[in-house]
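Report on the structure given below.
The values are calculated or read from the model by the stated rules, or taken from the named source; none is laboratory data. Just so you know, these numbers come straight off a predicted model, no measurement behind them. Every residue, glycine as well, gets a Cβ built from its backbone with ideal geometry; the counts of neighbours run over all protein chains shown.
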Amino acid sequence: MGEPEMAFDSGGTGGGGEAVVDVRDLWMRYGEKDVLRGVSFEIRRGEVLGLLGPNGAGKTTTIEIMEGFRQPSSGHVRVLGEDPLHGGDAWRARVGVVLQSWRDHSRWRVGALLEQFASYYRPYTGRDGYPGPYQVAELLARVGLSDKAALRVGALSGGQRRRLDVAVGIVGRPRLLFLDEPTTGFDPKARSDFHDLVHALSDLEDTTVLLTTHDLAEAEKLADRILILDGGKIVADGSAEQLARQVAGEDEVRWTRDGVREVHLTADGTRFTRELFERYGAEITELEVRRASLEDTYLRMVARSEAGEPAADQEPARERTGEPA
């Protein structure tokens, strides 16, 4: 296998904050069905973007177009300054991909497999500021496989194979990293370690990350910004906090007074709680306030999209049940 001709840079498309991904008016049609309908967004350098949406929303098609695996019906797509469909070896060297499905290399030993992948990048160390691939020992430590270097890949558990898949995706220190359901099969400790790794990649190494996940808590923890795709359109774009404000998610306030448990839904839990104590003071016990979560917001936005309603509320949410009497 010949070595690709590569040219590395230290920052994707240029200075901090510039667009690493630029998608405008993207359409994709299969037969008579439009899977993507005018999708437009940017991803900035060093940003972690979470792409969410129900099955069939168009997430996989969008990602495959950005990775250069699929040609869109129409639209403008630039990834690291190039059309992904025509990206050559130099472009692909700057893109890391971690797919959902495992590409088996069962006869390789873990350390040897990573060394083989690292060898494709090592001759270019120092060129145009490229620091070189990760050292295998460092990479194994980052993904929690330090004690598995001598094992054959076929002897790894499903979760361990997934960690190795992540290691293969980042071995060359990519400028843009696609993570498709990256922590599937991870135990809580491995998931937490991986989250720390993603933060280090974006904060310390200036790697731009596009994350797809069905784990909304993971998206809320990792993503600087979240896109919600439904029915081939972007129905929301913002941080988890911004999306919650857009959809006017209701807070749930629970309390006990005179032995009776009360529940109240309100757009402003803080204001309602203050009014509650002004009226009843020490009579209130067992007070709980549950804020609207990303999951609440996500489900509400998708439901609105499917009903043909706008994603954001223009009016405050109505308060229901349990008002102070």
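Quick look at the numbers
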item: Residue check for Ile65: in contact (Cβ under 8 Å) with a residue 60 or more places away in the chain and surrounded by 21 or more Cβ atoms within 10 Å (Cβ to Cβ); result: no
item: Val253 vs. criteria touching a Phe, Trp or Tyr at 6+ places or on another chain (Cβ under 9 Å) and among the hydrophobic types (A, V, I, L, M, F, W, C); result: yes
item: Of residues in the range 157-169 being out of contact with any Pro (no Cβ under 9 Å at 6 or more places or on another chain) and either β-branched (Val, Ile, Thr) or not in a loop (DSSP other than H, G, I, E, B) (or both), the one surrounded by the fewest Cβ atoms within 10 Å (Cβ to Cβ); result: Gly158
item: Among residues of the range 260-293, those that are surrounded by 14 or more Cβ atoms within 10 Å (Cβ to Cβ) and either at positive phi or of a type in the set (Ser, Thr, Tyr) (or both), counted; result: 4
item: Subset of the range 142-197 [charged (D, E, K, R) and within 24 Å of Glu220 (Cα to Cα)]; result: Arg142, Arg162, Arg163, Asp165, Arg175, Asp180, Glu181, Asp187, Lys189, Arg191, Asp193, Asp196
item: Residue in the range 176-213 that is nearest to Leu294 (Cα to Cα), counting only those that are free of Cβ contacts under 8 Å to residues at least 40 places away in the same chain and part of a loop (DSSP other than H, G, I, E, B); result: Thr183
item: Members of the range 186-208 found to be small (Gly, Ala, Ser) and surrounded by 15 or more Cβ atoms within 10 Å (Cβ to Cβ), listed by number; result: Ala190, Ser202
item: Pairs where the first residue, in the range 249-263, is among the aliphatic types (A, V, I, L, M) and the second is surrounded by 18 or more Cβ atoms within 10 Å (Cβ to Cβ) and in a strand (DSSP E or B), C-beta under 6 Å, 6+ apart; result: Val253/His264
item: Residue that is under 30 Å from Arg44 (Cβ atoms), modelled with pLDDT of 85 or more and either among the small types (Gly, Ala, Ser) or assigned to a loop (DSSP other than H, G, I, E, B) (or both), where the choices are Ala219, Ala244; result: Ala219
item: Breaking point among (1) in contact with a Pro (Cβ under 6 Å, 6 or more places away or on another chain); (2) of a type outside the set (Phe, Trp, Tyr); (3) at pLDDT 90 or above, for Val263; result: (1)
